[in-house]
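The values are calculated or read from the model by the stated rules, or taken from the named source; none is laboratory data. Here the structure is a predicted model, which is why all the values come from computation and not from measurement. With ideal geometry, Cβ positions are generated from the backbone for all residues, glycine too; neighbour counts draw on all protein chains shown. Keep in mind that these areas ignore ligands, DNA and RNA; they rest on the heavy atoms of the full protein, side chains included. Shrake-Rupley method; radii C 1.70, N 1.55, O 1.52, S 1.80 Å.
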Amino acid sequence: RLYAACAAKIRKCGGGAGKKGPAAESAARRAACVEAVESCEAIPGGLLAAAGDVNVYDIRKKCVGSLCYDFSNAEKFLNLPAVRAALGVGTRAWEMCSAKVFADMQGDWMRNLEPVVPPMLEAGLRIMVYAGEDDFICNWLGNHRWVRAMEWSGQAAFNATMPVPFVVDGVTGGDVSESGPLSFVKMSNSGHMVPMDQPKNAVTMLQRFISGAPIAGPAWRPTATATTSPSSASPSRTATKLVLGARLSDDTQGADEAAPEGEGVGGASETAAKKDPRRAMGLAWV
């Protein structure tokens with residue numbers, strides 16, 4: 001029943017965008033779209049309530065603070081006068097979660113903006129979609145599914161491509177699917193804020209994207225070494241990586257007893273945003 005009500009309200013919202021982007025919306029349409037958000041949130045909300053204490057931004061970790069991430073360093077840096085001047089934002093202060101931005105963008109949550117992507121791909125523009133494997137709220141599986149379902153001239157070739165390791169300094173940091181101008185990256189050991197969880201890998205990913213290089217990087221050369229490192233999910237849990245000549249994938253945990261990876265697979269009004277700011281991150285200068 002929840003899904004049926006959600007789907008009906010999405011249709012009433014009229015969700016979607018033309019190839020030139022979303023059109024201006026009336027107050028009535030925006031209200032209908034916000035109503036759809038509030039209805040559809042009952043579905044994941046029920047799942048989370050049943051699951052208990054789940055950090056929607058990183059299922060490996062306990063949520064600490066209002067947004068589950070510490071943005072204090074970013075807040076200090078982005079509010080430096082020199083940084084504000086370089087960015088052209090004047091004297092406006094940067095907030096780690098702006099209730100105004102949250103409220104202004106909420107009407108877009110139930111609108112399908114995927115149609116704006118294929119024309120860019122057909123024009124030869126490079127597109128990269130990435131997600132942290134341990135993020136729930138913008139999970140990698142949902143992102144991967146819409147990327148594969150997207151209709152464009154290279155769809156069949158992209159869907160026929162097998163994921164390859166994302167390699168940084170000889171170490172695998174995730175999986176990459178690439179074909180033509182389209183790339184999809186699943187970042188290992190990362191939640192919602194990939195640059196905060198894996199800063200080096202995130203910078204490398206962006207550098208390769210901007211320079212036109214393959215996102216995957218150099219071929220992975222396995223060695224006969226084994227390493228263990230603490231897992232952020234539990235102080236007593238360790239992540240063991242046995243490099244035996246086969247690529248280890250986080251989403252096949254336990255599939256091979258000889259080579260376990262041990263890592264996990266991987267809307268409302270302004271008032272509602274203040275009540276539960278974890279529901280969205282409106283990062284902006286306001």
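Taking the condition surrounded by 12 or more Cβ atoms within 10 Å (Cβ to Cβ), over 30 Å from ARG221 (Cβ atoms), at pLDDT below 95 and among the small types (Gly, Ala, Ser), does ALA103 pass? So ALA103 fits the description; yes. Cβ-Cβ distances below 7 Å connect no pair with a first residue in segment 174-194 that is basic (Lys, Arg) and modelled with pLDDT under 95, a second residue that is open to solvent by 20 Å² or more (accessible area, probe 1.4 Å) and not in a strand (DSSP E or B), and a separation of six or more residues or different chains.
Please determine whether any residue of segment 106-113 is in a helix (DSSP H, G or I), in contact with a helix residue (DSSP H, G or I) (Cβ under 7 Å, 6 or more places away or on another chain) and crowded, with 18+ Cβ neighbours inside 10 Å. Let's see the steps before the verdict.
We begin by selecting, within segment 106-113, every residue in a helix (DSSP H, G or I); these are 106-108.
Subset that is in contact with a helix residue (DSSP H, G or I) (Cβ under 7 Å, 6 or more places away or on another chain): 106-107.
Narrowing the set further to residues that are crowded, with 18+ Cβ neighbours inside 10 Å leaves 106-107.
Scanning segment 106-113, I find at least one residue that is in a helix (DSSP H, G or I), in contact with a helix residue (DSSP H, G or I) (Cβ under 7 Å, 6 or more places away or on another chain) and crowded, with 18+ Cβ neighbours inside 10 Å, so the answer is yes.
Taking residues in segment 122-147 that are under 17 Å from LYS61 (Cα atoms), and partners anywhere that are among the aromatic types (Phe, Trp, Tyr) and open to solvent by less than 20 Å² (accessible area, probe 1.4 Å), the pairs with Cβ atoms closer than 7 Å and at least 6 places apart or on different chains are ASP135/TYR57; ILE137/TYR57.
Whether any residue in segment 136-153 is of a type outside the set (D, E, K, R), part of a helix (DSSP H, G or I), surrounded by 16 or more Cβ atoms within 10 Å (Cβ to Cβ) and more than 16 Å from the chain's Cα centre (by Cα) is what I want to check. Taking every residue of segment 136-153 in turn, none turns out to be of a type outside the set (D, E, K, R), part of a helix (DSSP H, G or I), surrounded by 16 or more Cβ atoms within 10 Å (Cβ to Cβ) and more than 16 Å from the chain's Cα centre (by Cα). Restricting the search to segment 114-135, which residues are part of a loop (DSSP other than H, G, I, E, B) and within 23 Å of LEU67 (Cβ to Cβ)? Within segment 114-135, GLU133, ASP134, ASP135 meet the criteria. Checking each residue in segment 81-114 for being of a type in the set (S, T, N, Q) and over 30 Å from TRP146 (Cβ atoms) picks out only THR91.
Taking the criterion of being more than 12 Å from HIS144 (Cα to Cα) and surrounded by 24 or more Cβ atoms within 10 Å (Cβ to Cβ), the only residue of segment 167-181 that qualifies is GLY174. Counting only residues that are out of contact with any Pro (no Cβ under 9 Å at 6 or more places or on another chain) and part of a helix (DSSP H, G or I), which one in segment 202-213 is farthest from VAL185 (Cα to Cα)? Checked segment 202-213; the qualifying residue farthest from VAL185 (Cα to Cα) is SER211.
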